1. Tell me yes or no: at least one residue of the stretch 188-197 is outside any helix (DSSP H, G or I) and farther than 16 Å from D264 by Cβ.
2. Check whether at least one residue in the stretch 58-81 is of a type in the set (S, T, Y) and open to solvent by less than 20 Å² (accessible area, probe 1.4 Å), and report yes or no.
3. Check G239 against each of (1) buried (at least 17 other Cβ atoms within 10 Å of the Cβ); (2) in a helix (DSSP H, G or I) and name the one condition it does not meet.
4. Tell me which residues, restricted to the stretch 213-227, are touching a strand residue (DSSP E or B) at 6+ places or on another chain (Cβ under 7 Å), open to solvent by less than 60 Å² (accessible area, probe 1.4 Å) and either under 20 Å from W266 (Cα atoms) or at pLDDT below 95 (or both).
5. Inside the stretch 321-352, can you point out the residues that are over 13 Å from R364 (Cα atoms) and not in a helix (DSSP H, G or I)?
6. For the stretch 82-106: of the residues being touching a Gly at 6+ places or on another chain (Cβ under 6 Å) and open to solvent by 10 Å² or more (accessible area, probe 1.4 Å), which is farthest from R332 (Cα to Cα)?
7. Do you know which residues across the stretch 37-53 are open to solvent by 10 Å² or more (accessible area, probe 1.4 Å), not small (G, A, S) and not in a loop (DSSP other than H, G, I, E, B)?
Amino acid sequence: MRNKALILSTAILSLVLMGCPPKTGETGGAAATTDAGGEILVGEFGSLTGSEATFGQSTHNGIMLAIDEVNAAGGVNNRKIRVLTEDDQSKAEEAANAVTKLISQNNVVSILGEVASSNSLAAAPICQQNKVPMITPSSTNPRVTEVGDYIFRMCFIDPYQGEAMANYLTKELKLKRAAILIDVKSDYSTGLAQYFERTFTANGGQIVGKQSYSKGDSDFRSQLTAIKAANPQVIFVPGYYNDIGQIAIQARDLGMSQPLAGGDGWESPKLIEIGGKALEGCFYSNHYHVDDPAPAVRTFVQKYQERYGAKPDALAALGYDSAKVLAEAIKRAGKTDGPALRDAIAQTKGYLGVTGLINLGPDRNPVGKKLAILEIRNGQTALKGIVDPNASAGAAAGATDTTGTTASAATTGTTGSTPTTGTTRTQ
Ligand code: PHE
C-alpha cells in the first residue's frame, strides 16, 4: 500500500518534472495524487522570518500541534496529514510565490495562512483560481474572504473589532478625543482605522488628528509631534507589534502620556519585550486570552506549554483551530478534491474551538465570535472585558455592574468566569 502510493507520487513527480504541471484554473490541487491514498498534503504559508516573524511562528506551532494530534489519533479517513510550510518572510509578493509553489509543485489539497491581511490578499486570488480552499486563521480585513468562495477565515473581522474598541474607549473609559496613526501600506491598518473612526464618531467622539507611516519606518517622531499638538486623550494605532513598540517608546520620549490603543495586530510575545514600560496602560482587542477559564482554552494552553515551553498567543490558538476545522472538513468530505473540500469547510457549524464556537456563515466568516479587550499592566496583559455577541442583553443585564451594551454585542467586564454567562466585574 505504502509502496504503491510512493510509486504513484513518483510517477506524478516525474510528470511534473517533465513539464506537465496540473493546469491552473481546472481541477486544482491535483487531487488524484492524494485521493489514491497515502498522506494528505496541506500547505501552510506564513511569516516565519521578517518583520512579523512571531505571527508565522506561533501560527505554525498551533497548526503542528493540531495536525500531530489528528495524526496520532489515526489521521483522517485512515490517512495521515502532512503539512508543507513555506516562509513568505512577512512580504506580500513572497506570499503569492509561496502559494503558487504549494499549489503547482506540491499539489496541496488546501492552504492554511496568512496572518497579515495584505499577505492573505496577495495569495487568495491564486487559491481561488486554482480551486484550492484557503483558510486564513487570523486575517481580519473583510476583503480577504470576498475574494471568492474558496476563501475562508476562522477569526472575526475588522468592522467588529473597530467597533468594539471604539465602544470601549468612548463608553467605558469615557474618552472623547482620539488621534489615529495608520500604516498606509497595510490593508489591515487602513481598514481598521476606518471602522474605528466610524463608531468613535458615531458615539460622540472626535478624531482630532490623523497621521500615517509606512511599514518599515522606524522614526515616528514627526507624526507623534503633530498628534501631541492636537492633544488627544487616546491614540489609536492599528498596526503590528514591531511598530507599536517603537511608537510607544518614541511617544513617551516626546513627553506624551496618553494611552495607545489598537487591535489584534499588537498580539506578540515581542510586543512588551520591545515597548516595555512605554506600553503600560495601553489597550488592544484580541481573539482569546491565555487565562480564559473555558475548558477548551485550559487544555490547549497546557498541551502547548508542554510541547513548546511557552504560553500560546492568539495566533497559536487560531492556527490550531484552523487546522482542526480543516481536518474535520476533510473527514466529512471523504475526499480531497477542491470543490468537495470547499463545500465541507463551508458547512462548518458548531465547532468548539479554542477561540470559541465556530459557525461559518454564507460569507465564509465565522458568525458571532467573541472578542477580548486587554490592558497592559505590570508588563503583562490583563483581561478587561469580553464582547460576546451570543451573550444576550438579558444575561448581561442580569449580571452585577455590567458595562454598556451595543446594538451588535454585549460587553461585560470579566474576571474568571465564562463570558457567555455575563459576568461580575471586579477590576
Ligand atoms: N488581524 C491581523 C490582520 O489581518 C493579523 C493578526 C491577527 C495579528 C491576530 C495578530 C493577531 O492583518
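The values are calculated or read from the model by the stated rules, or taken from the named source; none is laboratory data. This structure is a prediction, so every number in the text was calculated from the model and none was measured. Please note: Cβ atoms are built from the backbone with ideal geometry, for glycine as well, and neighbour counts cover all protein chains shown. Accessible surface is based on the protein model in full, side chains and every heavy atom, while ligands, DNA and RNA are left aside. Shrake-Rupley method; radii C 1.70, N 1.55, O 1.52, S 1.80 Å.
1. No.
2. Step one: filter the stretch 58-81 for residues of a type in the set (S, T, Y), giving 58-59.
Narrowing the set further to residues that are open to solvent by less than 20 Å² (accessible area, probe 1.4 Å) leaves 58-59.
Checked the stretch 58-81: at least one residue is of a type in the set (S, T, Y) and open to solvent by less than 20 Å² (accessible area, probe 1.4 Å).
3. (2)
4. Y213, S214, F220, Q223
5. Residues satisfying the conditions are G334, K335, T336, D337, G350, Y351, L352.
6. Q89
7. L41
Residue by residue, here is whether (1) open to solvent by 30 Å² or more (accessible area, probe 1.4 Å); (2) touching a Phe, Trp or Tyr at 6+ places or on another chain (Cβ under 8 Å); (3) not in a loop (DSSP other than H, G, I, E, B) holds:
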site: Q211; (1), (2), (3): yes, no, yes
site: A229; (1), (2), (3): yes, no, yes
site: Q258; (1), (2), (3): no, no, no
site: L271; (1), (2), (3): no, yes, yes
